[in-house]
1. Highest mean first, how do 128-136, 173-181 rank when packing is the count of other Cβ atoms within 10 Å averaged over residues?
2. Given Cα pairs under 8 Å that are at least 6 residues apart, what percent is the relative contact order of the stretch 220-410?
3. Given a 10 angstrom Cα cut-off, can you work out which residue in 353, 109, 79 is the most mobile in a GNM of the chain?
4. Once you have the Kirkwood Rh of the chain from its Cα pairs, apply Stokes-Einstein at 37 °C and 0.692 mPa s and quote D in µm²/s.
5. Determine the relative contact order of the chain: mean sequence separation of Cα pairs under 8 Å and six or more apart, normalised by residue count, in whole percent.
6. Stokes-Einstein diffusion coefficient for the stretch 1-130 at 25 °C in a medium of 0.890 mPa s, Rh from the Kirkwood formula over Cα pairs: what value in µm²/s?
7. Grab the eigenvalues of the alpha-carbon gyration tensor for the stretch 298-370, scale each by 5, take roots, and send me the semi-axes largest first in whole angstrom.
8. With only alpha-carbon pairs counted, each pair once and no self-pairs, how large is the Kirkwood hydrodynamic radius of the stretch 220-410 in angstroms?
Amino acid sequence: MNPLYNAGISLYKGAARLASISSPKIRKMLEGQEATMDRLADFRRTMAPEGFDVWFHAASLGEFEQARPLIEALLAHRPECRILLSFFSPSGYEVRHNFNPGVAVVYMPFDSRGAVKAFLDKAEPKMAVFVKYEFWGNYLEELQKRDIPTYLISAIFRPGQIFFKPWGGTFRAMLRSFRHIYVQNRASQALLNGIGVDAVTVAGDTRFDRVTDIRNRAKIIPEMEIFRSANADKLMLAAGSSWGKDEDVYFPVLAKHTDVCAVIAPHEFDAARLEHMQSQLGKDRTMLFSRFARLCEESPEKARETAARIKYLIVDSFGLLSSLYRYADAAYVGGGFGAGIHNINEAAVYGIPVAFGPRHQKFNEALCLLACGGAMCIRRSADFEHWLARLEKDQAFRELHGKAAGEYIASNIGATPLILKDLFNLTLT
């Protein structure tokens, strides 16, 4: 890559080291990167002595969910396939590093020339699959030099991105490093064709297949069965991947609606955050999911009495959210008052109305759900108040908009089998 790009990567790396002094999250990332080469050596000895058949790279947890249907299909139909999965963000690695014993999981080192060569020398991948937004110039350049087929899946492009600016030549070159790009929509294909990138297929987003599979295999959660039945006369809201800025908007509204109960899954939680959430909602009306689960185990009768008394469950563990939505009448998905919304398809697949904050423009599924009537944009507490009151009082409204959300998901499945057929000559039956 050109000197300016490499200088930018060096500055980025230096800034991360400085930030790690006060940020445990960034510190985890750097420590993880330092351990990558040793982990790769161990994986090569135990799993892939001849190198990895496929290397998947996902920035974080959301991108992983787009790669996951492909990985799981390969594991099911080609168990001999040696798979390497890398993350850049701790929010992906820390949650999914034990995802499957058949997958080697590491942190991706920074995109410096030396680190890239060392990583590829150690991993020896035969194919690379990047997810959605991952454009690392030195990795892509080195993969191309080594003639390692490299693909981009579930990608989406917008006119304002640097690829389409007069000064974006370096980044346009990155796009040409991919042997083929699988995009989510025709608008992205048209943008790429407009700059001479023609190896493009409109495949859609693999997350539609993933969430549909999750819905079909959604697990019964005994605690939610009790909580739901004890509040059968109330509207139940599921708030997923909730951040403090989201809660500033919807917590005050919940307090005014006595006939609404909620299960709330914060995106990140520690003891202080959980304590603060309970104080905001009212400790007499709130219980941590872990405590409620213990109560259900010890005395189902007491659990039912408690469920009828409280209004809110706060989920203090990972792995439940995708199945929690099945118990809800409506969902609020967090992140839209910060960097961007989380996985709204995970809720919409259950055919329930979905709401989220204003920072959703980069997400095609959000724009489409708004257009079809399956979702509502919340900009302030008054918006949430209006939406919640309408859902609570008007069952026909709730069913109409829930149906729109479910039909949108159902109409967009199919990316996974298309990509599997193209890349791996694998046909799902």
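1. Taking the mean over residues of other Cβ atoms within 10 Å, the ranking is 128-136, 173-181.
2. Averaging sequence separation for qualifying contacts and normalising by length gives 23 percent for the stretch 220-410.
3. Most flexible of the set in this elastic network: 79.
4. 142
5. Dividing the mean separation by the residue count of the chain yields 12 percent.
6. After rounding, the answer is 161 µm²/s.
7. Working through the eigenvalues yields semi-axes of 30, 13, 11 Å.
8. 16.4
A short reminder: the numbers here are calculations on the coordinates, not readings from a lab. The model shown is predicted, which means the values in this text are computed figures rather than measured ones. Note: ideal-geometry Cβ built from the backbone for every residue, glycine included; neighbour counts use all protein chains shown.
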